[in-house]
Amino acid sequence: MNPQDELRALTELFDESEPLFLSAIHIPSATTPEPYKSMLVHDHHMTVTMENYYRTSVDVRVLDRRLDGDLYLRKIVLYQHGTEIPVQFGLVRFHLQYVADDVRAQLLSEQIPLGRVLIQNNVLRHIDLGAILEITAGPGLAKLLQMPEGAVTYGRMATIFCDRQPAVDLLEISAPLPADEHPAG
C-alpha cells in the first residue's frame, strides 16, 4: 500500500477536533536523521526502544478507542513511567482474532503497552517496517506530545504479524528528541 494512503487510513480512524499534522512526508530510512534513525528504523517493538532510550519503563494512556467485533482501534500516548512526559503518540488497528483470549483481555484492559503485552505472552511476532515519516506537528499532535506547533519530529508505520498473520497496523510518532543524543545501547 502507498504510505500516504495507509497514513490517511490510520489517521481517519478517529475524529480529530484539530489536525494532528501540518505535513507528513515519507522519507527513505537511510536519510532519517539521528537519533530518530536509531529510534525508528528497526524491526523491534517501540515499547522496548523507548524504554531503552529513556532508561525507564513507559506507561500507556488510551485517549480513544473502538471495538467492533475482533477489530480494536486505539489512539494512545506513551509516557515516561510515573510522569506526564510524553515519549510517543500512536494509532493502532488490531485484528484481535490473531491472538489468544488472554492476550485480547490484556490488550482491552488498556493498562499495559501493546508491545509489552505481546512480549510477556510470548506471542510469535514479526514487525514489518512500512515507512518512515517526517512529521510537522499540527495543533493536535503538538498538544499531545507537548511540542511547538510546526515543529518537526519523526514517526513510522509498521505492521506486526502475530503467528504469521498481519494482526496490527501502527502509526508511531516519537516525541521530539535532542539532535545530539543517541539511544542507550
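One table, with the values for the structure above:
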read-out	value
Dimensions (Å) - region 3-174, Cα atoms, principal axes, largest first	42, 34, 32
Length-normalised contact order of region 1-94 in % [C-alpha pairs under 8 Å, at least 6 apart]	20
Ellipticity estimate at 222 nm from DSSP helix runs (n ≥ 4, -39,500 (n - 2.57)) divided over the chain, nearest 500	-6500 deg cm²/dmol
Dipole-positive endmost among Thr83, Thr153, Gln111 within the chain (Cβ charges, Cα centre)	Gln111
Inter-label distance, nm, simple model (7 Å from Cα along the C-beta direction), Glu84/Val48	3.3
Selection of GluC sites (Glu not before Pro), region 2-63, meeting DSSP coil and at most 12 other Cβ within 10 Å	Glu12
Amide H partners (placed H, <5 Å) of Leu63, local residues excluded	Lys75, Ile76, Val77
Residue-by-residue Karplus 3J(HN,Hα) for region 21-28, coefficients 6.51, -1.76, 1.60, Hz, glycine and proline x	10, 8, 7, 9, 10, 6, 10, x
Sequence of Thr11, Thr31 once ranked by neighbouring C-beta atoms within 10 Å, starting from the fewest	Thr31, Thr11
Full-extension gain in nm, Val41 to Ala100, via 0.36 nm per residue minus C-alpha separation	18.4 nm
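Every read-out reported here was derived from the displayed coordinates using simple, explicitly stated rules and does not represent laboratory data. Worth saying up front: this structure is predicted, and the values here are computed from it rather than measured. So basically every Cβ, Gly included, is an ideal-geometry build from the backbone, and we count neighbours across all protein chains shown.
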